[in-house]
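Every read-out reported here was derived from the displayed coordinates using simple, explicitly stated rules and does not represent laboratory data. This structure is a prediction, so every number in the text was calculated from the model and none was measured. Glycine gets a Cβ as well: all are built from the backbone with ideal geometry, and neighbour counts include every protein chain shown.
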Amino acid sequence: MYPLLETIRFEKREFYNLEAHQERVNRAFQEFWPKEHPIQLKDCLNIINEVNIKYRYKYRIVYDTQVKEVTVTPYRIRPIHSLQVIEAPELRYAHKKEDRNALKALFDQRGNCDDVLITQNGYLTDTYYCNLACWNGTQWLTPAKPLLPGTQRAKLIKEGSIVPRQIHQNDLIHFEKIMLFNAMIDPGELVLDTQQIKSID
């Protein structure tokens, strides 16, 4: 399953939510390399001199017991207007792996939609790149058991902005909107009506 990776947002000369990323790295080391000292992300993140203050950048860090690669690229949110529900009961993705072939295979089944909404035994988990939350008219609920508990998700739960709940795809009729977010995408930047979710007939 190795190597692993972290994608960290850099914008306005600031790294976002770095503590949560480091905590995830620490958990990975505790599980896979308990005798090794975890890499320190802050030591890998050199601010690029030619950065444009108007842009958002993605720092991509590939690692196992050591840092293998650090790349920096400008980031733009990919528009998503529709989601195809895909059931994947056997998929496991508890750690952020560089190898995304299993997820890519699901993404390739999106048909005419822009992305996939992955379910396990009918319960919502994630999309291809994002965690999610559903708006029921009073609060945003996020799937209690995502494939990958993201750093942005952890931050929003801690703040009380989203609340973990089991959400079955049959319950989507009770929700108005679905919001997608990840380390690079803030809540509110990518929101769809639930009518834009297509189930497999």
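Details
- For the chain, built as a Gaussian network whose Cα springs stay under 10 Å, the top-fluctuating residue of 174, 95, 21: 174
- Between the amide H of residue 68 and those of 62, 63, distances stay under 5 Å, these residues lying 5 or more places away or on another chain, with hydrogens modeled in the peptide plane.
- Largest-first principal axis extents of the Cα set of the range 83-198 (Å): 36, 27, 25
- Long pairs among 97/145; 42/145; 96/155, criterion Cα-Cα beyond 21 Å: 42/145
- Computed over the chain, relative contact order equals 21 percent, with contacts defined as Cα pairs under 8 Å that lie 6+ residues apart.
- Sorted into 5 angstrom bins from 0, the C-alpha pair distances of the range 4-75 split as 3, 16, 29, 23, 14, 9, 4, 2, 0 percent.
- Fluctuation leader among 180, 156, 106 - the chain, Gaussian network, Cα springs under 10 angstrom: 156
- Computed on the Cα trace of the chain, the radius of gyration divided by the Kirkwood hydrodynamic radius gives Rg/Rh = 0.97.
- The range 1-68, relative contact order in percent, only Cα pairs under 8 angstrom and at least six apart counted: 53
- Whole-Hz ³J(HN,Hα) from phi, Karplus 6.51 cos²θ - 1.76 cosθ + 1.60, for the range 186-195, glycine and proline x: 6, x, x, 7, 9, 10, 10, 6, 5, 5
- Taking 7 Å steps out from each Cα toward its Cβ at residue 62 and residue 189 produces label points 2.4 nm apart.
- Ellipticity at 222 nm from helices only: DSSP H runs of n ≥ 4 in the chain, each -39500 (n - 2.57), divided by the residue count, give -4500 deg cm²/dmol.
- Summarising the amide proton neighbourhood of residue 198: residues at separation of 5 or more, or on other chains, whose placed amide H is nearer than 5 Å comprise 83, 84, 85.
- Remark: the range 29-46, residue by residue, has Karplus-estimated 3J(HN,Hα) of 5, 4, 7, 9, 9, x, 8, 9, 7, x, 4, 10, 4, 4, 7, 9, 9, 8 Hz, where x stands for each Gly or Pro and the curve is 6.51 cos²θ - 1.76 cosθ + 1.60 at θ = phi - 60°.
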